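Asker: Quick one: structure below, then a few questions.
The values are calculated or read from the model by the stated rules, or taken from the named source; none is laboratory data. Keep in mind it's a predicted model, so treat the numbers as computed, not measured. Reconstructed Cβ throughout: ideal geometry from the backbone, glycine too, with neighbour counts over all protein chains shown.
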C-alpha cells in the first residue's frame with residue numbers, strides 16, 4: 001500500500017514538473033513576440049518620419065529649383081533685351097557736329113542697374129555729344145562724308161513798266177557745291193566719366209558758279225556765260241573735343257553729358273586763296289578760317305525698346321582782321337555770327353546688332369558782320385569811312401536717318417543720311433563711319 005501510494009505521489013510530481021516545464025517556454029515566447037511586435041511598430045514610425053522628412057526636403061529642393069529656373073529665364077530675357085538695346089545705343093555720339101561711340105557694356109533699357117555709372121551707347125547721327133569712352137580705352141575712327149548743295153536762281157536787273165513787262169537783264173545763276181571729306185579721329189577715356197578726342201579731315205571741294213544771261217535780255221544775243229568754277233583739296237580744320245558725364249541716370253532720369261569742342265583753323269583760309277585781278281577766287285578753301293568754341297549738353301533717356309536723345313548747344317565764332325581786296329572793296333575785318341543748335345531723335349533696335357535712328361537738327365546762324373572800305377578807282381587804294389554790313393540770318397534744318405551695325409565688340413559701322421529741310425541747308429549729306437577699339 002505504501003509502495004503504491006509512493007508510486008502515485010511520484011507520478012503526480014512528474015506530471016506537475018512536466019506541466020511546469022511546458023508552461024515556462026510559452027511565457028517566454030509570449031514576451032518575445034510582444035517585444036518583436038513593439039520593435040516592428042517602432043521601425044515603421046521611424047521609416048514614416050524619414051519618408052516625411054525626405055518628402056519635405058524634396059519639396060524644398062523643387063521650390064529652390066523653380067526659383068533658379070525663373071531667375072535663369074529672367075536673365076535670358078534680360079540678356080536678349082540688353083543685346084538689342086546695345087545695338088540701338090552708340091556712338092555717340094548725339095546730333096551736334098561729330099563722332100560715334102563703340103558699344104558699351106550691355107544694360108537693360110528703362111531700368112539700368114543700380115550700380116551703373118555709364119550711359120547707354122547710342123548709335124547717333126552726328127558726332128558731337130557721343131557717350132564717353134571707358135577709362136584707358138582708345139578708339140580710332142575712319143570717316144567718309146559727301147555733301148551736295150545745289151542752287152538755281154533767276155535774277156532780274158532792270159525796271160518793271162507794267163505787270164509782266166520788264167526791261168532789263170535776266171541772269172540765271174547756277175551754284176553747285178560738292179564736298180568729299182575723309183577723316184581720321186581718336187578718342188581716349190581719361191576716366192570712366194571723362195573723354196578727350198581729336199579729328200582731322202582731308203577735304204576735296206568743287207564749287208561751280210555759272211552766270212548765264214538769257215538771250216535777248218541784254219540786247220546782245222552773243223552774251224557769254226561766265227564760269228567761275230574752282231576746285232581745291234587739302235587738310236581741313238582740326239577739331240578737339242572733351243566730354244564729361246554729369247550723372248548716372250536712372251529710371252525716367254536721362255544721362256547728361258557735357259561737351260566742349262574747339263575748331264582750329266588749320267585748313268586753307270577762304271580769304272587766303274589765290275584770286276585774279278577782279279578778286280574772283282581761283283582756288284577753293286578747305287577751312288572756315290576762324291576759331292570756334294562750341295559747348296553743348298546732351299541728354300540720353302533709355303525707354304524700352306527705344307532710346308531718346310537730344311542736344312542743345314551754342315557756337316562762339318571768333319572774328320579776325322583779313323585785309324583782303326575783292327573789288328570794288330577791301331575787306332578789313334569779319335566777325336562770323338554765332339550759332340544756336342538743337343537736335344532730337346530716337347533710336348530703335350531691330351536686333352542685338354542692328355539699330356536705326358531718326359531725328360531732326362536745326363541750327364540758327366546769326367548774321368555775319370563785315371567791315372569794308374571802298375577802293376579808289378584811280379589809285380586802287382582803300383579810302384573813306386569804313387562800312388559795316390550784316391548778312392541775313394540762316395535757318396539750317398535737316399532731317400536725319402541712320403543705321404548702325406555692330407560686327408563685334410571692337411568694331412561697328414554707322415551710316416547716316418541728312419536731307420535739307422530748309423532753303424539754307426545742304427541738299428543732302430551722307431556719312432560712313434567705322435569706329436574700332438585699339
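Asker: In the stretch 275-292, which residues are assigned to a strand (DSSP E or B) and buried (at least 17 other Cβ atoms within 10 Å of the Cβ)?
Answerer: Result: 281, 292.
Asker: Hey, can you tell me all the residues within the stretch 293-307 that are in contact (Cβ under 8 Å) with a residue 40 or more places away in the chain and either touching a strand residue (DSSP E or B) at 6+ places or on another chain (Cβ under 8 Å) or buried (at least 16 other Cβ atoms within 10 Å of the Cβ) (or both)?
Answerer: Listed by number, the residues that qualify are 294, 296, 297, 298, 299, 300, 301, 302, 305, 306, 307.
Asker: Being modelled with pLDDT of 85 or more, loosely packed, with under 14 Cβ neighbours inside 10 Å and not in a strand (DSSP E or B) narrows it down to one of 247, 220, so name that one.
Answerer: The conditions single out 247.
Asker: Would you say residue 358 is surrounded by fewer than 17 Cβ atoms within 10 Å (Cβ to Cβ) and within 26 Å of the chain's Cα centre (by Cα)?
Answerer: It is true that residue 358 is surrounded by fewer than 17 Cβ atoms within 10 Å (Cβ to Cβ) and within 26 Å of the chain's Cα centre (by Cα).
Asker: Taking the stretch 264-274 as the region of interest, how many residues are surrounded by 15 or more Cβ atoms within 10 Å (Cβ to Cβ) and under 18 Å from residue 233 (Cβ atoms)?
Answerer: Within the stretch 264-274, residues that are surrounded by 15 or more Cβ atoms within 10 Å (Cβ to Cβ) and under 18 Å from residue 233 (Cβ atoms) number 7.
Asker: Given the options 243, 268, 274, name the one that is under 24 Å from residue 206 (Cα atoms), touching a residue at least 12 places away in the same chain (Cβ under 8 Å) and touching a strand residue (DSSP E or B) at 6+ places or on another chain (Cβ under 9 Å).
Answerer: Just a single option satisfies the conditions, and that option is 268.
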